[in-house]
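Below is one structure, written out as structure tokens, with a few remarks after it.
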């Protein structure tokens with residue numbers, strides 16, 4: 001892990017914490033503020049599940065401990081990968097984004113058993129699952145990793 005990785009991780013986790021704090025302080029739970037009518041609003045939701053609200057409806061007492069364990073396993077795995085590859089490149093920046101996002105959501109889960117989601121996009125009756133900065137970093141990091149695999153396969157062909 002190098003300074004760029006640590007800065008990326010700290011930036012993602014920090015911006016995630018700040019935005020979640022602002023949302024919880026200024027928008028009541030289950031309420032929203034229209035930003036772009038018919039397209040985007042800020043909302044204040046608590047998601048006890050994982051990405052895209054998977055497992056949110058589960059009544060299992062193991063839901064939160066399992067999600068915490070999965071997050072910790074991901075952080076350990078990414079730490080090892082970043083420790084082995086201290087270069088700054090697309091691969092390690094992508095891993096740093098995933099690490100920062102995972103850390104941000106883990107913080108919420110440990111503090112309250114649920115993650116604060118607040119970015120809410122929709123178009124007419126079509127609605128995307130609300131998400132947060134940490135989720136965004138995880139998705140961008142994952143897409144960068146997938147693009148690396150895809151382009152590596154194209155080079156080999």
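The values are calculated or read from the model by the stated rules, or taken from the named source; none is laboratory data. Here the structure is a predicted model, which is why all the values come from computation and not from measurement. Virtual Cβ from ideal backbone geometry, glycine too; neighbours counted across all protein chains shown.
Summary table
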quantity	calculated
Residue list for the range 34-47, filter: modelled with pLDDT under 95, over 18 Å from residue 104 (Cα atoms) and not in a loop (DSSP other than H, G, I, E, B)	none
Tally, over the range 130-145, of residues that are surrounded by 21 or more Cβ atoms within 10 Å (Cβ to Cβ) and not in a strand (DSSP E or B)	8
Condition met for residue 148 (modelled with pLDDT under 95, surrounded by 13 or more Cβ atoms within 10 Å (Cβ to Cβ) and farther than 19 Å from residue 14 by Cα)	yes
Test: residue 77 is assigned to a helix (DSSP H, G or I), out of contact with any strand residue (DSSP E or B) (no Cβ under 6 Å at 6 or more places or on another chain), modelled with pLDDT of 95 or more and within 30 Å of residue 123 (Cα to Cα)	no
Test set (1) without any contact (Cβ under 8 Å) to a residue 60 or more places away in the chain; (2) farther than 19 Å from residue 139 by Cα; (3) surrounded by fewer than 16 Cβ atoms within 10 Å (Cβ to Cβ) - residue 86 fails condition number	(1)
Residue within the range 117-129 that is part of a helix (DSSP H, G or I) and surrounded by fewer than 14 Cβ atoms within 10 Å (Cβ to Cβ) present	no
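Listed here are the residues, each with its yes/no results for (1) modelled with pLDDT under 95; (2) closer than 24 Å to residue 146 by Cβ.
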position: 13; (1), (2): no, yes
position: 21; (1), (2): no, no
position: 32; (1), (2): no, no
position: 49; (1), (2): yes, yes
position: 67; (1), (2): yes, yes
position: 88; (1), (2): yes, yes
position: 97; (1), (2): no, yes
position: 105; (1), (2): no, yes
